[in-house]
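Participant: Pasting a structure here, questions to come.
Coordinate-derived values only; no laboratory data. Since we're looking at a predicted model, the values are computed, not measured. Note: ideal-geometry Cβ built from the backbone for every residue, glycine included; neighbour counts use all protein chains shown.
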Amino acid sequence: MVEAGVCQASDCAQLPMAQKGITMPAQGLGTWKAESGKTGESVKIAIRNGYRMIDCANDYGNEAEIGKAIKACIDEGIVKREDLFLQAKLWNGNHRKEHVRPDLMATLEKLQTDYIDSYVIHWPQAAPSVSHLKNKPTLEDDGVHAAIYDSNDPETDTMFPIRADNGTYHIDAECHYIESWQAMEELLDEGLCKAIGLSNFNKRQIEEVRTLARHPVSVLQNECHPYFQQKDLMDYCRINKIIFQAYSPLCSRDRPWAGRGPPGSGSELLDDATIGGFAKKYNRTPAQITLRWHFQCGRSFVPKSVTPERIISNYQIWDFELTRDDMEEIAKMNINWRHLLWPECAEHMDYPFKDELPYDYTVPPVPADATAGKR
């Protein structure tokens, strides 16, 4: 556990990456589940109020809107491109070598930039490109919701292709994430991205990549919050100089299955009595307490919000400090409860969370409108 002193964001909220001379802001704006029509304004509000990192992914369906907002902020003179840290992700359907570059190029076009600061493999399990017969990658334009896919019918193209015979996700069993990583290393060599990393990988999978990598794994983005503190994985990342970045750092109150709190807690994280007690003690919001905890643990974090007041409030965590006793109390909240299992992918050989499913788990048909955030 790292205790950080009180500081201003510009002074100490930067984390050194494995690539020499590159740093990642500790806090960024998450954009998963950010609604169309609200995402762009959220990005503008965030940048105007100090955020310098935006976490993106092509399957979120909002990169073009984010790109327009970033350009507006640059045109207004609020920031320069080099002031921002943009993170994007390689989608499951684009793991094959020939699809990695087009995946990134589509993101660059939508974000209206020449390079990405951090490019990560979104999930380890490869899916077939729905457009593989046309030799092009799976892109946001193909749709960001699950749907029955027919390789002979381009109208069924989607980023989440479902098999017609049994209703489960399509699998690309002939592609492995090492192939994807090596293609990403070539993009790093060309300067199209400054750092590369992983997301939703387990420790064994990370070690496999590290063993074969020419360039270091710079960041690991995984779920993390007080109910799921990832202590062993945090230690692994610290030892191997990988920045651990938390998604759903506030336990994702707006997840599609909200209301199903973790076992034994009886509440959503931001309603938890322990967090609430510290919020009262410091005259802060529960979200501010939780995000300050993430910062003092030494990791990066990307809370999502489209509410202006919350976006601003979430960034106002630099002028107070939790004590060692406070940190130890929050550490006791850990119950290893992961809310984003995406178990519909469990039959894939590279699904990362098999150990967290029942031994007799059977993969069910995928709901017609599902994504990684729906069950």
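Participant: Express the relative contact order of the range 263-372 as a whole percentage, based on alpha carbon pairs under 8 Å and six or more residues apart in sequence. Can you show the working numbers first?
Facilitator: Values: 61 pairs, mean separation 20.1, N = 110.
For the range 263-372, the relative contact order is 18 percent.
Participant: Compute the normalised compactness of the range 59-132: alpha-carbon radius of gyration over 2.2 N^0.38 Å, N being the residue count.
Facilitator: The range 59-132 yields a ratio of 1.20.
Participant: Would you work out if the range 265-372 is rounded, prolate or oblate? Take a ≥ b ≥ c from the square roots of the eigenvalues of the alpha-carbon gyration tensor; rounded if a/c is under 1.5, else prolate when a/b is larger than b/c, oblate otherwise.
Facilitator: Values: a/c = 2.56, a/b = 1.91, b/c = 1.34.
Prolate shape, in that a/c is at least 1.5 and a/b is the bigger ratio.
Participant: Now a separate question. Starting with the highest mean, order 148-161, 58-71, 335-348, 86-99 by the number of other Cβ atoms within 10 Å, averaged over the residues of each peptide. Could you put the intermediate results ahead of the total?
Facilitator: On the way: 148-161: 16.6, 58-71: 22.4, 335-348: 18.5, 86-99: 25.4.
So the order, starting with the most tightly packed, is 86-99, 58-71, 335-348, 148-161.
Participant: Would you work out the relative contact order for the range 169-310, in percent, from Cα pairs under 8 angstrom that are 6 or more residues apart?
Facilitator: Dividing the mean separation by the residue count of the range 169-310 yields 18 percent.
Participant: Need the list of aspartates and glutamates near Lys71 for cross-linking: C-alpha distance under 17 angstrom, and skip anything on the same chain fewer than eight residues off.
Facilitator: Leaving aside aspartates and glutamates fewer than 8 places away in the same chain, those within reach of Lys71 are Glu41, Asp55, Glu63, Glu82, Asp83, Glu109, Asp114, Asp117.
Participant: If each residue of separation counts as 0.36 nm, what is the full-extension length gain between Thr211 and Ile239 once their alpha-carbon separation is subtracted?
Facilitator: Values: separation 28, 0.36 × 28 = 10.08 nm, distance 1.47 nm.
Residue separation times 0.36 nm, minus the Cα-Cα distance, leaves 8.6 nm.
Participant: Give the Cα extents of the range 93-222 along the principal axes, in whole Å, largest first.
Facilitator: Projected onto its principal axes, the Cα set of the range 93-222 covers 40, 35, 23 Å.
Participant: With charges set only on the Cβ (+1 for Lys and Arg, -1 for Asp and Glu), what does the dipole of the chain come to about its Cα centre, in debye to the nearest 20? It would help to have the intermediate numbers written out before the result.
Facilitator: Working: 42 positive and 55 negative charges, 206 e Å.
Computed about the Cα centre, the dipole is about 980 debye.
Participant: Then there's this: Go ahead and estimate [θ] at 222 nm for the chain from helices alone: -39,500 (n - 2.57) per DSSP H run with n ≥ 4, summed, over the residue count, rounded to 500. Don't skip to the answer; put the middle values down first.
Facilitator: On the way: 11 runs with 111 residues, N = 375.
Theoretical 222 nm ellipticity from helices: -8500 deg cm²/dmol.
Participant: Along each of the three principal axes of the Cα atoms of the range 132-184, give the extent in whole Å, ordering the values from largest to smallest.
Facilitator: Projected onto the principal axes, the Cα atoms of the range 132-184 cover 31, 24, 19 Å.
Participant: A follow-up question, please. Excluding Val217 itself, calculate the net charge of residues whose Cβ lies under 10 Å from the Cβ of Val217, where each Lys or Arg counts +1 and each Asp or Glu counts -1. Can you show the working numbers first?
Facilitator: Values: positive: Arg210, Lys241; negative: Glu207.
Spelling it out: positives minus negatives among the neighbours equals +1.
Participant: Continuing with the same structure: Report, in listed order, any pair from Lys33/Lys89; Lys20/Lys241; Lys89/Lys231; Lys44/Lys110; Lys231/Lys332; Lys38/Lys68 with a Cα-Cα distance greater than 20 Å.
Facilitator: Details: Lys33/Lys89 15 Å; Lys20/Lys241 12 Å; Lys89/Lys231 24 Å; Lys44/Lys110 16 Å; Lys231/Lys332 12 Å; Lys38/Lys68 12 Å.
Exceeds cut-off: Lys89/Lys231.
Participant: Averaging sequence separations of C-alpha pairs under 8 Å and six or more residues apart, then dividing by the length of the range 55-186, give the relative contact order as a whole percent. Don't skip to the end; give the middle numbers.
Facilitator: On the way: 224 pairs, mean separation 34.3, N = 132.
Here the relative contact order equals 26 percent.
Participant: Could I ask something else about it? Which three lengths, in whole Å and largest first, does the range 203-356 cover when its Cα atoms are put on their principal axes?
Facilitator: Computed over the range 203-356, the largest-to-smallest principal extents equal 48, 32, 31 Å.
Participant: Take the chain, compute every pairwise Cα distance, and split them into 20 Å bins from 0; I just need the percent in each bin.
Facilitator: Each 20 Å bin holds this share of Cα pairs: 29, 61, 10, 0.
Participant: Compare the Cα positions of Leu15, Tyr359, Ala273 along the charge dipole of the chain (+1 at Cβ of Lys, Arg; -1 at Cβ of Asp, Glu; about the Cα centre) and return the one farthest towards the positive end.
Facilitator: Ala273
Participant: Taking the Cβ of Thr362 as the center, what net charge do the other residues with Cβ under 12 Å away carry, scoring Lys and Arg +1 and Asp and Glu -1?
Facilitator: Values: positive: none; negative: Glu344, Glu347, Asp360.
With Lys, Arg at +1 and Asp, Glu at -1, the net is -3.
Participant: OK, next. Evaluate the charge dipole of the range 11-164 about its Cα centre and quote only its size in Debye, nearest 20, assuming +1 on the Cβ of each Lys and Arg and -1 on the Cβ of each Asp and Glu. Could the numbers behind the result be given before it?
Facilitator: On the way: 18 positive and 23 negative charges, 82 e Å.
Value, rounded to 20: 400 debye.
Participant: Binning every alpha carbon pair distance of the range 7-74 at 10 Å from zero, what are the percents per bin?
Facilitator: 20, 46, 29, 5
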